[in-house]
Amino acid sequence: MQTILGASGQIGRELALSLKRDFTSEIRLVSRNPGKVNEGDELVSADLLDAAQTKLAVEGSDIVYMTAGLPIDSQIWAERWPIMMRNVIDACTAHGAKLVYFDNTYMYPQTSVPQTEDSPFQPNGPKGRVREEITLMLLDAMDRGRVEAVICRAPEFYGPGQTQSITNTTVIDNLLVGQPAKVFLRDNTLRTLIYTPDASRAMALLGNTADTYGQTWHLPSDDNRLTYKQFVELAADVFGVDASYKVLKRWQLWLAARANKTIRETEELLPRYKTDNLFISDKFKQRFPDFQVTTYRDALTTIRDEKAA
């Protein structure tokens, strides 16, 4: 049995598809209100803030994928993420299940220095500090032999369906309805973006490969990095719309953040938009040379066709 915790999000849903297609038909989907992705999926309703419910949800699992998310709210993150991670580690320990953790880069330095699996943690705000805390919690459990786990780290993502990211919200969603895209701070810095189906396929592969455990892996993205100007131009070409966009300056974002809590919660991430963002996934690509990363054009074409359907 392979179990996905946080199965209702976009990553969880695409992971369920990848697991069924390539690895197993015994899939358990866990969330507060789970729904089937594949025929035959087992559904379990559970709150990961509850230790007993988490243990019951994990019972009988060989591999557990932690893809749960929380609203972008620093206070909620500080209060809930450590409890959720502790409950998941304890549940996997109790039942002898392997753990595959879907991580992000909030704790990395927001500079132009290339990011590798060995990059230091230097968070720039409260959400980054929480991500550092729970990742270190898992690394400690791994070092002490409490749980056999693999950490799958992804840069900012974009994708189809209900993908929630800055790029989807400010660029893709606007262009799809013929509105100007919005770009944070600069349009000429290189971005590293990962396509959500690629992230889920790679995570399923890592989870089902024995020698990947005990390590951190950067999930694979297109090495043909684009600036936001180039990304907007490509998306506009694929979508058949004008390549119009506005660059939001720091003072504009500051003003918007005073009135909009969601924008305010992104402020700690702004430094990474001032400089090239170079997320390196060479380790994965060398280990899995046959893994095909989706090109930006192909990914955007899929997003367009899904929207039109």
Looking across the stretch 222-246 at residues that are surrounded by 17 or more Cβ atoms within 10 Å (Cβ to Cβ) and under 20 Å from the mean Cα position of the chain (by Cα), the single one that is modelled with the lowest pLDDT is ASP222
Hey, can you tell me all the residues within the stretch 281-309 that are of a type outside the set (Phe, Trp, Tyr) and crowded, with 18+ Cβ neighbours inside 10 Å?
SER281, VAL293, THR294, ALA299, LEU300, ILE303, ARG304
Looking only at the stretch 61-112, count how many residues are charged (D, E, K, R) and modelled with pLDDT under 95.
1
Which residue, of ALA236, ALA149, ALA141, ALA202, is farther than 25 Å from VAL64 by Cβ and touching a residue at least 12 places away in the same chain (Cβ under 8 Å)?
ALA236
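Rundown of residues vs (1) free of Cβ contacts under 8 Å to residues at least 40 places away in the same chain; (2) out of contact with any helix residue (DSSP H, G or I) (no Cβ under 7 Å at 6 or more places or on another chain); (3) under 21 Å from GLN162 (Cα atoms), yes/no style:
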site	(1), (2), (3)
ASN260	yes, yes, no
TYR273	no, yes, no
ARG287	no, yes, no
ASP305	yes, yes, yes
Within the group LYS55, LYS36, which residue is basic (Lys, Arg) and surrounded by fewer than 16 Cβ atoms within 10 Å (Cβ to Cβ)?
LYS36
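Only residues that are in contact with a Phe, Trp or Tyr (Cβ under 9 Å, 6 or more places away or on another chain), within 20 Å of SER200 (Cβ to Cβ) and either among the charged types (D, E, K, R) or in contact (Cβ under 8 Å) with a residue 24 or more places away in the chain (or both): list them for the stretch 70-103, please.
Of everything in the stretch 70-103, those that are in contact with a Phe, Trp or Tyr (Cβ under 9 Å, 6 or more places away or on another chain), within 20 Å of SER200 (Cβ to Cβ) and either among the charged types (D, E, K, R) or in contact (Cβ under 8 Å) with a residue 24 or more places away in the chain (or both) turn out to be VAL88, LYS98, LEU99, VAL100, TYR101, PHE102.
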Pick from the stretch 189-221, criterion more than 21 Å from ALA149 (Cβ to Cβ) and touching a strand residue (DSSP E or B) at 6+ places or on another chain (Cβ under 8 Å), ranking: surrounded by the fewest Cβ atoms within 10 Å (Cβ to Cβ)
LEU190
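The values are calculated or read from the model by the stated rules, or taken from the named source; none is laboratory data. Keep in mind that this is a model prediction, so the values were computed, not measured. Methodologically, a virtual Cβ is constructed for each residue, glycine included, from the backbone with ideal geometry; neighbour enumeration extends over all protein chains shown.
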